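Each remark here refers to the structure printed beneath this line.
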């Protein structure tokens, strides 16, 4: 059943990638940048832990705020299942493109399930299913469904140990739960799709660095961003 869901989501993503071409007020040719820190920790002698991320997203390379995202959650790994469950909260501050300094706030609660999978000796796959409940400023209550396929491929080692270079890829599809968002405004069921490729390096077994490029397709605009990220487990 899982394989059918994955194939369906990937096909939908590539259809969107081929068909979506609407231009908005955003300068789609201007390169943006996201600077990110991901962290995770496990409670000693427990199946519970915590994880989260801090992201500073810019419409340009630096200075024109797209989003500031602060997110964290409680994780649980069942003893008999290869899955990680997360219950979390996120705060998002979104800015408008260009000279405007106007911002809007959003509070989210989310639940997710991440299913790791090993393919061959060097390839690690993670399927992530996430459901979000969203309170966006000046909008009605909203929900959103997300499916992400994440792939890491070790280049000079089979495992992501110290000194390993690796290739990272992901594709994530976002679907709105509701179309009516209040004040006679509607959104499409399709919210966005993100496709990403990067080269990573394991500074240690607890700390990894990734640098890559993300192309994001939304209902209103399409745009490329470089991404620089640290992944830290402790």
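Listing for the model above:
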read-out	value
The range 117-172, residues that are in contact with a helix residue (DSSP H, G or I) (Cβ under 9 Å, 6 or more places away or on another chain) and over 30 Å from residue 218 (Cβ atoms)	none
Failed condition for residue 50, given (1) closer than 28 Å to residue 222 by Cβ; (2) free of Cβ contacts under 8 Å to residues at least 40 places away in the same chain	(1)
Residues being surrounded by fewer than 18 Cβ atoms within 10 Å (Cβ to Cβ) and either in contact (Cβ under 8 Å) with a residue 40 or more places away in the chain or under 28 Å from residue 152 (Cα atoms) (or both) - total across the range 104-123	11
Flag for residue 99 being free of Cβ contacts under 8 Å to residues at least 24 places away in the same chain and exposed (fewer than 15 other Cβ atoms within 10 Å of the Cβ)	yes
Total residues in the range 76-95, condition within 20 Å of the chain's Cα centre (by Cα) and surrounded by 13 or more Cβ atoms within 10 Å (Cβ to Cβ)	13
Condition check for residue 40: over 21 Å from residue 207 (Cα atoms) and either at pLDDT 90 or above or assigned to a helix (DSSP H, G or I) (or both)	no
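The values are calculated or read from the model by the stated rules, or taken from the named source; none is laboratory data. Not measured: the values here are computed from a predicted model. Counting neighbours? That spans all protein chains shown, and the Cβs are built from the backbone with ideal geometry, glycine included.
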